[in-house]
Amino acid sequence: MKKNLLFVQGNEACVEAALYAGLEFFAGYPITPSTEIAELLSYRLPKKGGKFIQMEDEISSMCAIIGASLTGKKVMTATSGPGFSLKQEAIGFAVMTETPCVIVNVQRGGPSTGLPTSVSQGDIMQARWGTHGEHAIITLTASNNQDVFAMTVEAFNLSETFRSPVILLFDEVVAHTRERLIMPEPGEISVVKRLRTSVKEGTDYHPYLPREDGRLPMSDFGGVHRYNVTGLMHDMWGFPSDNPKIVYGLMHHLVDKIEGHTKEITRIKEFFIEDAEYLLISYGSSARTALHVVENRRARGEKVGLLEIQTLWPFPADTVRKRCASVNCVIVVEMNMGQILHEVKKAVDDPDKVFLANQINGSFITPTDILNILRIIQGKGS
Amino acid sequence: MSIVENFDLYAPRLIDKGEYFSMGHTGCAGCGEALATRLVLKGLGKDTIVSNATGCLEIISSRYPTTAWEIPWIHVAFENAAAVAAGVESGLKALRRKGRIPDRDVKSVSMAGDGGTADIGLQALSGAMERGHDMIHVCYDNEAYMNTGIQRSSQTPFGAWSTTSPPGEVSFGQRTWKKNIPEIMVAHNVAYVATANPSYPLDLIRKVEKARKLKGPSYIHCLSVCPTGWRMDSSLTIKVGRLALETGIFPLYEVENGKYRITVDMPEPLRPVEDYLKLQGRFRHLRPDKIEEIQARVNLEIKKLMNKVNYIQSWEELG
């Protein structure tokens, strides 16, 4: 066990996990607070026979991983707020062309240059709706190094399974906190391989024809099959189409393949939920603070629980509704003006019992920030 | 070259005594960029609006709640300083035409590092130069992304270490040669393109003044020695800057209406590149064969430049 114990920061845990999951290609651009991911991969990837490219900007980084993914590689890029904004068009392209890729966004204060070295969770809705047009997307987050590792591997697995871009939404505190990481042995966490088509050379291959289970086998671009990839609406051949029937079918396919599997995509952690009267809902680094509050209050006999959401999109509304049904009130703990708060309000039966405990000034949310709200709700403070 | 011709401009006492980039900024000890900015602003004077891309310069000069800028200054995103400067110039022009502001010669200047100029900012810069705005773009080239912690850029020299071009078993460091941005700007047919270096302050100021007086777009590529990122002694900034010229690695020249001219003479013969490389930790890992490769390339680049200086005629001469 000892030789697998590392003392690393979140960005390093992400790198370790990406390599564990079989990352072969990384294209990126320096941006605080995600730069360590690129720096480390510039060392690590070439040694493993992989490819690291520092591109000339954020847009090209995103586009490069799309190109590399189509040729059959497992790919990733890492960025932060301003870079994430620049990548949005290409993320939409990856959604439309169903290209598996992982995009790490280590959130910092925004909008614009904002607070480059401070923490924020302001990109939750951008991850969901940043690119234009109706679509579905998978977004995962984590609160500690072990979960960063697990979620990063998960991100690669989900992107391969659903042929979709997956966004890893970390934040500055998670990325830069140094703590221990127990490296799983190879094989300990399952790794999903690229699903390649069984169609033989010389036989027609349909890049956008789902199998019975809904998955679309891929053929390495430039390999034995010649096929078309386009950001336009397309048919099963990948050729552009504005036929309403085909467009309708594709829209539904793009949304349903993810929204229809919300349950199997959902990853949540529960702490002291069973008898909780007050339920905190949090995610990312703010869940660390929330957990501290819960443990602290439990020691005093107060029935407080924590629901830590790791799958932000598709939002696990059913799970949240069930967990919130029996509690007196719900406090959403996050570092924005209530982006997940509204999702929770939409999900629960009684939105009036959902409150917000937040911090938006660039400093990390403290237990006091949460306790102040909790006390008011409990009628103990003013 | 023709030093006598420009004799009066080489007198330090003629330089603007005003300071438009004030002290108290948070640049590292020996920051070549801060020095260059101070000199550039002396050349530009107070009637200047600066659009500054994200980068070291923005960080060190605008630490809350202070500013080092004695002139109007706008910090914009990483990729669009030249676009904003183009907007400022067009806005001023419109206001002047309508008589809303006095008819004063206010210059719009965009400033960016090598990343904000040659990589992510190249599109905006190319557009601004192509449209012919009356503006100057100044690139402070410290040869890597220093603000985020020394990542390679397209301006990082061949063989140099950076955190994303690490030398080791697989690589010897940066694998590519500097992208020639001044030449790309010349290809935009802008009236004035120059390279500058704060180790030669009078030359730098003269070039900025020249660009300031011109109507239309101009471009100045300024070498900015970075002791932090180049892994060198911060007391050697000026010396290393001079060595960049004396070894032929960063020649100082200007291109006016298509005519190339060397503005600061290089020694004959050039000093070996090793003199420049050995002072910097970022080149410490280089083996002799790589140093020879660099020397050969520098010799070739100087020949290419001298070829242009000697044989390319100005647009007027061509007719």
- Any idea what angle helix B:81-97 forms with the longest principal axis of chain B, computed on alpha-carbon atoms, 0 to 90 degrees, nearest 10? 20 degrees
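With an 8 Å cut-off on Cα pairs and a minimum separation of 6 or more residues, tell me the relative contact order of the range B:136-234 in percent. Walk me through the numbers on the way to the answer.
Values: 163 pairs, mean separation 30.5, N = 99.
Dividing the mean separation by the residue count of the range B:136-234 yields 31 percent.
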- Counting other Cβ atoms within 10 Å, keep those with at most 16, restrict to DSSP loop, and tell me which GluC sites (Glu not before Pro) in the range A:290-376 are left. A:E302
- Query: Amide H neighbours of B:Y219 under 5 Å, counting only residues 5+ apart in sequence or on other chains, H built in-plane at 1.01 Å?
  - Reply: B:H137, B:Y192, B:V193, B:A194
- Query: Which FRET efficiency value, to the nearest 0.05, is calculated for B:T26 and B:D233 with the Förster distance at 25 angstrom and r the Cβ-Cβ distance?
  - Reply: 0.80
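Relative contact order of chain A: what whole-number percent is it, with Cα pairs under 8 angstrom and at least 6 residues apart?
Values: 805 pairs, mean separation 59.1, N = 382.
In percent, rounded to a whole number, it is 15.
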- Residue-averaged 222 nm ellipticity for chain B, from DSSP H runs of 4+ at -39500 (n - 2.57), nearest 500: -10500 deg cm²/dmol
- Would you mind checking the tilt of helix B:237-246 against the longest principal axis of the Cα atoms of chain B, expressed as 0 to 90 degrees and rounded to 10? 80 degrees
- If the label point sits 7 Å along Cα→Cβ of B:K93, residues of the range B:237-264 with amide N under 13 Å come out as none
- As a check on your grasp of the helix formula, calculate [θ] at 222 nm for chain A: sum -39500 (n - 2.57) over DSSP H runs of n ≥ 4, divide by the residue count, round to the nearest 500. -11500 deg cm²/dmol
- How many angstrom lie between the C-alpha centres of the range A:266-285 and the range A:116-189? 19 Å
- Task: With a Förster radius of 41 Å, plug the Cβ-Cβ distance of A:K193 and A:T117 into 1/(1 + (r/R0)^6) and report the FRET value to the nearest 0.05.
- Result: 0.60
- Note on the structure: Rounded to the nearest 10, the angle in degrees between the Cα long axis of helix B:288-311 and the longest principal axis of the Cα atoms of chain B comes to 40 degrees
- Note on the structure: Residue separation between B:E183 and B:Q123 times 0.36 nm, minus their alpha-carbon distance, gives in nm 20.1 nm
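Which of A:Y205, B:Y276, A:Y29 has the fewest other C-beta atoms within 10 Å, and how do the rest follow up to the most? Don't skip to the end; give the middle numbers.
Working: A:Y205 21, B:Y276 25, A:Y29 31.
Ranking A:Y205, B:Y276, A:Y29 by Cβ neighbours within 10 Å, fewest first, gives A:Y205, B:Y276, A:Y29.
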- So how far apart, in nm, are the two label points at A:R178 and B:I312 if each is 7 Å from Cα heading toward Cβ? 5.1 nm
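Starting with the fewest neighbours, write out B:C226, B:C56 ranked by other beta-carbon atoms found within 10 Å of each beta-carbon.
On the way: B:C226 29, B:C56 25.
The fewest-first ordering by Cβ neighbours comes to B:C56, B:C226.
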- Item | Within chain B, longest stretch free of exposed GluC sites (Glu not before Pro) [DSSP loop, at most 14 other beta carbons within 10 Å] | B:170-319
- Note on the structure: For the pair B:K213 and A:K263, the simple spin-label estimate (label points 7 Å beyond Cα toward Cβ) gives in nm 8.0 nm
- Message: Roughly how far apart, in whole Å, are the Cα centres of the range B:227-296 and the range A:206-228?
- Response: 52 Å
- Item | Restraint check, A:K303/A:K380; A:K74/A:K245; A:K48/A:K257; A:K346/A:K380; A:K48/B:K278; B:K179/B:K210, Cα-Cα greater than 22 Å | A:K74/A:K245; A:K48/A:K257; A:K346/A:K380; A:K48/B:K278; B:K179/B:K210
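Can you tell me the relative contact order of the range B:15-318? Whole percent, Cα pairs under 8 Å, sequence separation 6 or more. Don't skip to the end; give the middle numbers.
Values: 618 pairs, mean separation 49.3, N = 304.
Contact order relative to length: 16 percent.
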- Using a simple spin-label model with points 7 Å from Cα along the Cα→Cβ vector, what separation in nm is obtained for A:H252 and B:R297? 5.7 nm
- Query: Over the range B:15-318, what is the percentage of antiparallel beta bridges among all DSSP beta bridges, to the nearest 5?
  - Reply: 30 percent
- Table column - 3J(HN,Hα) (Hz), the range A:225-240, Karplus curve with 6.51, -1.76, 1.60, x for Gly and Pro: 9, 9, 8, 10, 10, 8, x, 6, 4, 9, 8, 5, 7, x, 8, x
- Would you mind ranking B:H133, A:H135 by Cβ crowding within 10 Å, fewest neighbours first? A:H135, B:H133
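Values in this text are rule-based calculations from the coordinates and carry no lab data. Small disclaimer: the values here were computed from a predicted structure and weren't measured. Heads up, the Cβs are rebuilt from the backbone with ideal geometry, glycines too, and the neighbour counts pull from every protein chain shown.
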